[in-house]
Amino acid sequence: MTIFDYLSAAIATMLVVVDPPGLGPIFLGVTRGMTKPQRHSVGLRASVIGFGVLAFFAVAGEPFLRLLGITTPAFRIAGGLLLFAIAFEMVFDRSQVRKSETAETAITKDFISNVAAFPLAIPLIAGPGAITGVMLLSAQAHGDLLKFAVLFLVLGFVTLCCFISFKLADVINKLLGVTGNVVLTRLLGIVLAALAVQFMVDGVRAIVVG
């Protein structure tokens, strides 16, 4: 896999899984009652924490698999299945309901000051799907430092997109409207389903060839 192919796969996977535009309406919900500066602070903290969590799994993901005795092909197949399940939710409009329920449950249990860490950073930015995606991409780097650098740049770009989405949440929500949000979610779900299948195919091929 060339650097360009790896970059394309990383951007597509992480953008679709994290879905920065989709976090905007949820951000508005969990920060209801806050002032504009407070929302800015929460959005910035959430993005930084989300980046840190994903970066940790990008670095420690493969050693963690080895510690558990899990092969990379097996994880690719399992990760592909998980990503496909998330894509299924997106196509059939279940992901937003799940994310909203997670956010509403968390806001009743935590102080408003902790909203940045939970539920915004975890699990809405760095959720199971995003962690799985970054570990799969880390495994695909095969120890190539340049690819790792590309992966970290992609993680920085995606979390920056999350921060921008938080800042422009009101505008994005009004701009897309109900129909726009539905169409965007369906299209991203189809793209993610194709990527998930590719992960599984790569895993099976690695087992058969290896």
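What follows is calculated from the coordinates using simple rules that are stated; it is not laboratory data. Since the structure is predicted, the reported quantities are computational estimates derived from the model, not experimental observations. We place every Cβ from the backbone using ideal geometry, glycine too, and count neighbours over all the protein chains shown.
Things to note:
- Sites count as exposed loop sites when they are trypsin sites (Lys or Arg not before Pro), lie in a DSSP loop, and have at most 15 other Cβ atoms within 10 angstrom; the longest stretch of the chain without one is 95-210.
- Charge-dipole axis of the chain as Lys and Arg at +1 and Asp and Glu at -1 on Cβ define it, positive-most pick from 46, 92, 142: 46
- Using a Gaussian network model of the chain in which every pair of alpha carbons under 10 angstrom is joined by a spring, one finds that among 16, 42, 178 the greatest mean-square fluctuation is at 178.
- The average projected area of the stretch 3-205, computed from the convex hull of its Cα atoms over all directions, is 11.1 nm².
- Inter-label distance, nm, simple model (7 Å from Cα along the C-beta direction), residue 5/residue 174: 4.5 nm
- Between 0 and 90 degrees, the angle of helix 72-91 with respect to the longest Cα principal axis of the chain falls at about 40 degrees.
- The region of the chain that goes longest without hitting one of the chymotrypsin sites (Phe, Trp or Tyr not before Pro) in a DSSP loop, each with at most 16 other Cβ atoms within 10 Å, is 112-210.
- Between 0 and 90°, nearest 10: helix 36-68 axis offset from the chain longest Cα axis: 20 degrees
- Dividing the summed -39500 (n - 2.57) terms of all DSSP H runs of n ≥ 4 by the residue count of the chain sets its mean residue ellipticity at 222 nm at -28500 deg cm²/dmol.
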